[in-house]
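Chemist: Structure in structure tokens, see below.
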Amino acid sequence: MQVIVQIFVGFPVSVIAGMLGTKLYTIITVNNENREHAEFCWKIGNVYLQQGALDHAIDEYGQAIKFYPGYAQAFHDRGLAHLKQGENDLAIADLGEAIRLAPNGAEQFKAIAFSNRGDAHASKRNWDRAISDYSAAIALNPNVAEVLLRRGIAHISKGQARPKIGEHELAIQDFDAAIKDLDEAIRLDPNGAEAFIAFYNRGFAYACKGEYDQAIRDYSCAITLNPNFAEAFHGLGVAYNEKREYHRAIRNFDEAIEIKPGYAIAFYNRAFAYWHLGLHAPPAIKDVNKAIKLDSNLAEAFELRSLAKRMVGDLKGAEADAARAKQIRRRP
């Protein structure tokens with residue numbers, strides 16, 4: 001199972017322009033030669049950003065900042081370009097400057113800057129800082145479903161990390177916080193472009209709590225909104241595995257694999273279902289071999305294949321697979 005995040009990083013440029021462009025243009029435009037040069041460079045940077053020419057965009061935004069060091073939007077947009085390039089520390093620095101320089105009355109601008117900085121922290125897996133920035137964005141504008149979705153995902157990710165250090169009860173609190181955020185995201189935009197992601201992640205949070213019936217309902221809603229969502233079919237399969245309804249699980253793994261033929265964990269989980277139906281070979285072994293071929297670091301698949309080999313008397317092969325699984329699990 002996995003958390004599904006928005007495909008794009010930050011708000012699309014068109015959204016930023018639509019929400020902020022006119023207002024901030026009025027704020028920053030001053031009859032000063034340097035500032036006029038700065039604005040010209042900023043506009044060129046926006047064209048490059050929209051075209052995906054991120055290095056050029058960063059250079060132009062940098063020129064804008066040289067002409068006008070107090071240019072909050074240029075810092076923001078350069079930060080967004082760094083974020084799209086995966087340069088998270090540079091993005092965090094620029095977005096921080098944008099927030100610091102934002103003039104009074106620019107709440108929407110600050111909300112988007114906080115949200116994008118939250119994305120940068122999330123990319124670094126710094127969940128506490130990501131949640132803090134998303135919370136700041138929500139405080140400034142509580143009615144943006146996408147930011148609630150992101151904070152919900154950050155809570156899930158934080159919760160997933162806790163059992164490794166023995167914090168199981170705190171993990172449940174994280175999943176509850178995620179469900180609350182995702183409830184609100186779905187309420188605000190139940191049929192929006194990202195609604196299927198919100199339903200999926202809420203289902204995932206319920207599954208993490210062991211509430212599989214509710215997880216199944218949410219995964220099913222995600223599929224209704226996006227019938228080609230392989231991860232939601234996989235989530236259904238995992239939930240049915242946990243409920244020991246293995247035939248239903250297999251049907252959903254079939255769907256996931258048909259949509260996404262390279263889906264290693266789906267092959268493993270279908271093998272798991274076959275195994276518990278007593279079909280140790282050939283279906284389970286065939287699927288687990290495929291899972292390992294697709295992902296040679298899938299410890300669970302080596303463990304299951306070790307059991308299968310032991311069942312057919314291949315003790316040497318079983319020991320080799322068990323050793324490989326232990327080697328993978330020892331990695332940090």
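Chemist: Do we have Gln214 as surrounded by fewer than 20 Cβ atoms within 10 Å (Cβ to Cβ) and assigned by TED's automatic domain parsing to the domain that holds Ala195 here?
Modeler: When the stated conditions are applied, Gln214 passes them.
Chemist: Okay, next question. Kindly indicate the residue of the range 248-278 that is at pLDDT below 95, more than 20 Å from Gly210 (Cβ to Cβ) and of a type outside the set (A, V, I, L, M, F, W, C) and also nearest to the chain's Cα centre (by Cα) among those meeting that condition.
Modeler: Tyr274
Chemist: Take Ala74 and decide whether it is part of a helix (DSSP H, G or I) and surrounded by 24 or more Cβ atoms within 10 Å (Cβ to Cβ).
Modeler: yes
Chemist: Among (1) out of contact with any Leu (no Cβ under 7 Å at 6 or more places or on another chain); (2) crowded, with 21+ Cβ neighbours inside 10 Å; (3) of a type in the set (S, T, N, Q); (4) over 30 Å from Ala161 (Cβ atoms), which single condition is Asn104 missing?
Modeler: With (1) out of contact with any Leu (no Cβ under 7 Å at 6 or more places or on another chain); (2) crowded, with 21+ Cβ neighbours inside 10 Å; (3) of a type in the set (S, T, N, Q); (4) over 30 Å from Ala161 (Cβ atoms) applied to Asn104, the lone miss is (2).
Chemist: State yes or no: is Leu298 in contact with an Asp or Glu (Cβ under 9 Å, 6 or more places away or on another chain) and surrounded by 18 or more Cβ atoms within 10 Å (Cβ to Cβ)?
Modeler: No.
Chemist: Same structure again: Could you give every pair whose Cβ atoms fall below 6 Å, whose first residue belongs to the range 171-186 and is more than 14 Å from Lys158 (Cβ to Cβ), and whose second residue is basic (Lys, Arg), counting only separations of at least 6 or pairs across chains?
Modeler: Leu182/Arg202
Chemist: To continue, here is another question. Conditions first: (1) in contact with a Leu (Cβ under 6 Å, 6 or more places away or on another chain); (2) at pLDDT 95 or above. Asp77 passes all but one, so which condition is the exception?
Modeler: Unmet for Asp77, out of (1) in contact with a Leu (Cβ under 6 Å, 6 or more places away or on another chain); (2) at pLDDT 95 or above: (1).
Chemist: Oh, and also: Quick test for you: out of Glu36, Glu87, pick the one residue that is among the acidic types (Asp, Glu) and either modelled with pLDDT of 95 or more or surrounded by 20 or more Cβ atoms within 10 Å (Cβ to Cβ) (or both).
Modeler: That would be Glu87, the only listed residue that is among the acidic types (Asp, Glu) and either modelled with pLDDT of 95 or more or surrounded by 20 or more Cβ atoms within 10 Å (Cβ to Cβ) (or both).
Chemist: State whether one or more residues within the range 279-289 are more than 28 Å from the chain's Cα centre (by Cα) and acidic (Asp, Glu).
Modeler: no
The values are calculated or read from the model by the stated rules, or taken from the named source; none is laboratory data. Just so it is clear, the model here is predicted, and its values are computed rather than measured. In this analysis, Cβ positions are derived from the backbone assuming ideal geometry, glycine residues included, and neighbour counts consider all displayed protein chains.
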